[in-house]
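For reference, the structure is listed below as structure tokens.
The values are calculated or read from the model by the stated rules, or taken from the named source; none is laboratory data. Note that this is a predicted model, so its numbers are computed, not measured. Every residue, glycine as well, gets a Cβ built from its backbone with ideal geometry; the counts of neighbours run over all protein chains shown. Protein only, heavy atoms only, side chains kept; ligands, DNA and RNA dropped before computing areas. Shrake-Rupley method; radii C 1.70, N 1.55, O 1.52, S 1.80 Å.
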Amino acid sequence: LPIVQGSMNPVHSTLLSSVLLFTLRIQELVEACSCAPAHPQQLICDSALVIRAKISSEKVVPASDDPLNTHKMIRYEIKQIKMFKGFEKLKDVQYVYTPFDSSLCGVKLEANNKKQYLLTGQILNDGKVLIHLCNYIEPWDDLSLSQKKSLNQRYQMGCGCKITTCYMVPCSITTPNECLWTDWLIERKLYGHQAKHYACIKRSDGTCSWYRGGPPPEKEFTDISEP
């Protein structure tokens, strides 16, 4: 179609707008934070630090002392309530850091000194604690009773086990120390019944199997091969 100099045909204008919008959407997807799905137990095992805490305040700070580094971090001041993992490196955590940009997996928390969180993260060489969206970070009240009890020891008893996510059938165990995570197959969501109530524990013979935590008073573990 002919285009008059200095103007644009409405059809071409609409097409160009669609292309620009599509390009922007692709850019958003490229810049977005992406995390591989993982069972809460796996995220706990992969973390250097696991604590229960309240967030007292937040402050935007430089990511480093390098003046050429323009990235920012959010420094959350916290009140540690209980530490479940990380004793050998830190005794008490006063601050945790997260990227300012959500595209870099930064975490937004409520800094009102009221809401309690389960925080997991890594300990940097300088002793700072780094948290991001790919860690297991949940409001404490959203955790099931079984999850809360598993934080003390049960999850860490299964850190030598492999938890495999099943997205479609067939899905089968390939190694003796493997547990199949089937929440997506059964409920079409990752953090379903199995994630909230089961832990994959290594047995004395080296094999791994799902165990469910019972309500208090806690009963003996029940071996569940197919939750």
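Summing +1 for each Lys or Arg and -1 for each Asp or Glu among the other residues whose beta-carbon sits under 15 angstrom from that of Tyr97 gives 0.
Computed extension length for Asn69-Trp140: 22.1 nm, one decimal, from 0.36 nm per residue of separation with the Cα-Cα distance subtracted.
In this rough spin-label picture, where each label sits 7 Å from Cα along the Cβ direction, the Ser34-Lys79 distance is 4.1 nm. Net charge of the neighbourhood of Ile74, taken over other residues with C-beta under 15 Å away and scored Lys/Arg +1, Asp/Glu -1, is +1. One chain, two ends: Lys196 and Glu88. Fully extended at 0.36 nm per residue, the span grows by 36.1 nm beyond their Cα-Cα distance. For the peptides 44-53, 60-69, 169-178, 73-82, the ranking by packing is 44-53, 73-82, 169-178, 60-69, with the highest mean count of neighbouring Cβ atoms within 10 Å listed first. Taking a point 7 Å from the Cα of Gln116 along the Cα-to-Cβ direction, the residues of the range 126-154 with backbone N closer than 13 Å to it are 139-145, 148-149.
Computed from label points 7 Å out along Cα-Cβ, the spacing between Leu130 and Val169 is 4.2 nm. Say R0 is 30 Å: what FRET efficiency, to the nearest 0.05, do Lys162 and Ile123 get from their beta-carbon distance? Plugging the Cβ-Cβ distance into 1/(1 + (r/R0)^6) gives 0.80.
For Phe100, the accessible surface of its heavy atoms amounts to roughly 90 Å² (probe 1.4 Å, protein chains only, rounded to the nearest 10).
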